[in-house]
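K.L.:
Please see the structure below; I have some questions.
The values are calculated or read from the model by the stated rules, or taken from the named source; none is laboratory data. Keep in mind the model is a prediction, meaning the values are calculated, not measured. Here Cβ is always computed from backbone atoms with ideal geometry, including for glycine, and neighbour counts include all displayed protein chains. Please note that ligands, DNA and RNA were not included when accessible areas were found on the heavy atoms of the full protein model with its side chains. Shrake-Rupley method; radii C 1.70, N 1.55, O 1.52, S 1.80 Å.
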Amino acid sequence: MPIWPGDPAVELEQVQQIEAGDPVNVSVLRCGVHSGTHVDAPWHFLPQGTTSEHLSLDVLIGPAVVAYLPDAAVITAHDLEQLHLPAQTTRLLLRTRNSERWTAGEQQFSEDFVALSADAAQWIVERDIRLVGIDYLSIQRYHDGPETHQILLTAGVIIIETLNLAGVEPGQYELLCLPILLVGAEAALARAVLREL
Ligand SMILES: [Zn+2]
């Protein structure tokens, strides 16, 4: 799987094996907390921010809108405005051409993924959206400054990264996203699924 440059690889090692004469199978997982689908906590970018055990499950579970922006290289406030989202949208998941990378089985990290500009982050905050998800490893572009993350996390918007939205039709769903309970971390691995309403 693609890993953020500099982060450790994901390793799953079997340290006890029934086949080798051990009484049980036991595995050890080693990875960074931004591996695969994960949720960022404010402390990731804010020195006084809260850590992952304080992520609100009320926000992580509930109605969500999936929007599809197949042509965007960067998602701006203007692009979000053009989506004409339902008025009560509180959770927004952005399907872009990034998701095609998952379908293709890409294993190398790519720098030219689609993500949000800082003005798009501001738009999300002003619209009172409480959660935003993106289908690659970061909500902000690789060569951008930290503003997109900072704006969202300062406002308490929850960020889900590395979603796979391939084949998900735009529309309204129920999102169930449960980050594992890590105390004192700036992010947590999560399983995220959509249910049709
Ligand atoms: Zn992250």
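For every residue, the table says whether it meets (1) within 16 Å of the ligand (Cβ to nearest atom); (2) modelled with pLDDT of 95 or more; (3) in a helix (DSSP H, G or I).
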| site | (1), (2), (3) |
| --- | --- |
| VAL24 | no, yes, no |
| GLY32 | yes, yes, no |
| TRP43 | yes, yes, yes |
| LEU80 | no, yes, yes |
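K.L.:
Here's something else I'd like to know. Search the stretch 1-20 for residues that are modelled with pLDDT of 95 or more and pair each with any residue that is away from the ligand (no atom under 14 Å from the Cβ) and among the charged types (D, E, K, R) when their beta-carbon atoms are under 6 Å apart and the residues are at least 6 apart or on different chains.
P.N.:
GLU11/ARG30; GLN16/ASP22
K.L.:
Hey, another quick one. From the list ILE139, ILE180, ILE124, exactly one residue is within 12 Å of the ligand (Cβ to nearest atom) and either in contact with a helix residue (DSSP H, G or I) (Cβ under 7 Å, 6 or more places away or on another chain) or under 25 Å from GLU53 (Cβ atoms) (or both). Which is it?
P.N.:
ILE139
K.L.:
Within the stretch 42-55, count every residue that is open to solvent by 40 Å² or more (accessible area, probe 1.4 Å) and in contact with a strand residue (DSSP E or B) (Cβ under 7 Å, 6 or more places away or on another chain).
P.N.:
1
K.L.:
If you check VAL114, VAL66, which single one turns out to be part of a loop (DSSP other than H, G, I, E, B), open to solvent by less than 70 Å² (accessible area, probe 1.4 Å), aliphatic (A, V, I, L, M) and touching a strand residue (DSSP E or B) at 6+ places or on another chain (Cβ under 6 Å)?
P.N.:
VAL114
K.L.:
Can you report the number of residues in the stretch 155-172 which are in contact with a Gly (Cβ under 8 Å, 6 or more places away or on another chain) and open to solvent by 60 Å² or more (accessible area, probe 1.4 Å)?
P.N.:
0
K.L.:
Another one. Only one of (1) touching a residue at least 12 places away in the same chain (Cβ under 8 Å); (2) under 16 Å from the mean Cα position of the chain (by Cα); (3) under 17 Å from HIS34 (Cα atoms); (4) surrounded by fewer than 22 Cβ atoms within 10 Å (Cβ to Cβ) fails for LEU182. Which number is that?
P.N.:
(2)
K.L.:
Kindly list the number of the only condition in (1) open to solvent by 40 Å² or more (accessible area, probe 1.4 Å); (2) within 16 Å of the ligand (Cβ to nearest atom); (3) more than 19 Å from GLY156 (Cα to Cα) that fails for GLY36.
P.N.:
(1)
K.L.:
Let me ask something else about it. If we scan the stretch 93-115, do we find a residue that is closer than 19 Å to ALA155 by Cα and among the hydroxyl-bearing types (Ser, Thr, Tyr)?
P.N.:
no
K.L.:
Restricting to the stretch 12-22, name every residue that is in a strand (DSSP E or B) and surrounded by 10 or more Cβ atoms within 10 Å (Cβ to Cβ).
P.N.:
GLN14, GLN16
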